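Below you'll find the structure I mean.
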């Protein structure tokens, strides 16, 4: 079999094709075209559990006072509705630390420990800082109550999205202890300007503005999280160093390749792409490892 038709290279090409439409595909365009095309679905089937499509209802999402939830149509917010015809429009009028939440008792978290969502934060008063989002997992303190009291089980690291810019937020919860995943049955998403302290009891800051959420889901594959992570990283690199210019492959080996991403100001960022198994892939950008595919548990 010719080298470029090796199944490992086909799998690699399939993973890279999953970036189509995310702005990532151009990063790998020059090298990916050297390998035979295949569908990522053939090597990495993604098992999604939708938690918020908002096509007909609010999909059980709820909130507290000073926050209003409604559905917004694509024709009204074409850049904010990422899938289907509707998204969730969250309007905040003075809450210091806004959140939305919903029960996830029907979800097997051990089988679907990866969370992603599309978000567009609107302009808010008092700061130009990006908005920091966090996923949080809760359990009830009393199984007989109505969820009026909850106990935090785990939370994600903050993921920032600039104001008025479409972005994705994500959480790889696969490293949480299984017994904690078993008791978690309430999912929350909270957000606050990145220059504010979300743990502070000072309520002097009043968040006034909106956020649109769409395509909130849990998945059995880490690929959507990896794709969102990489997209966020490249957005930040381009903010600091100008637009992405090209990829230079410096080394090709049996299970992958290594090289650099080059940006408009001349900055080079090293990367290494490795096929670890037929459905497991690792991309290292600088010192950051990003996982794709399955079989990581």
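Being at pLDDT 95 or above and under 30 Å from residue 196 (Cβ atoms): is that true of residue 208 here? Steps first, answer last, please.
On the way: at pLDDT 95 or above: no; under 30 Å from residue 196 (Cβ atoms): yes.
No; evaluated as a whole, the condition is false for this residue.
Of 217, 246, which residue is in contact (Cβ under 8 Å) with a residue 24 or more places away in the chain, more than 19 Å from residue 292 (Cα to Cα) and assigned to a strand (DSSP E or B)? Please lay out each step first, then the result.
Working: 217 fails: more than 19 Å from residue 292 (Cα to Cα).
None of the others qualify; the one that does is 246.
Give the number of residues within the stretch 249-277 that are touching a residue at least 60 places away in the same chain (Cβ under 8 Å) and within 24 Å of the chain's Cα centre (by Cα).
Total meeting the criteria: 3.
So which strands (runs of 3 or more DSSP E) stay within the stretch 66-183 end to end and still have 1 or more residues that are within 19 Å of the chain's Cα centre (by Cα) and not assigned by TED's automatic domain parsing to the domain that holds residue 233?
Values: elements: 67-73, 86-95, 99-103, 114-121, 131-140, 150-155, 159-161, 167-172.
In the stretch 66-183, 86-95, 99-103, 114-121, 131-140, 150-155, 159-161, 167-172 are the strands (runs of 3 or more DSSP E) which contain 1 or more residues that are within 19 Å of the chain's Cα centre (by Cα) and not assigned by TED's automatic domain parsing to the domain that holds residue 233.
Name the single residue, out of those in the stretch 65-81 being in contact with a strand residue (DSSP E or B) (Cβ under 7 Å, 6 or more places away or on another chain) and under 27 Å from residue 149 (Cα atoms), that is surrounded by the most Cβ atoms within 10 Å (Cβ to Cβ).
My answer is 67.
In the stretch 255-270, which residue that is in a loop (DSSP other than H, G, I, E, B) and touching a strand residue (DSSP E or B) at 6+ places or on another chain (Cβ under 6 Å) is surrounded by the most Cβ atoms within 10 Å (Cβ to Cβ)?
In the first step, residues of the stretch 255-270 are kept if they are in a loop (DSSP other than H, G, I, E, B); the result is 255, 264-267.
Now drop any that are not touching a strand residue (DSSP E or B) at 6+ places or on another chain (Cβ under 6 Å), which leaves 255, 264.
Numbers: 255: 15, 264: 11.
The selected residue is 255.
Exactly one of (1) on the phi > 0 side of the Ramachandran plot; (2) at pLDDT 90 or above is unmet by residue 217. Its number?
For residue 217, the failing item is (1).
Give the stretch 271-297 a look and list any residue that's in a strand (DSSP E or B) and farther than 16 Å from residue 228 by Cβ, or say none.
Taking the stretch 271-297 and keeping what is in a strand (DSSP E or B), we get 271-277, 280-285, 288-293.
Those that are in a strand (DSSP E or B) and farther than 16 Å from residue 228 by Cβ: 271, 272, 273, 274, 275, 276, 277, 280, 282, 284.
The values are calculated or read from the model by the stated rules, or taken from the named source; none is laboratory data. The structure displayed is predicted, hence computed values, not measured ones. For neighbour counting, all protein chains shown are included, and Cβ atoms are generated from backbone atoms with ideal geometry for every residue, glycine included.
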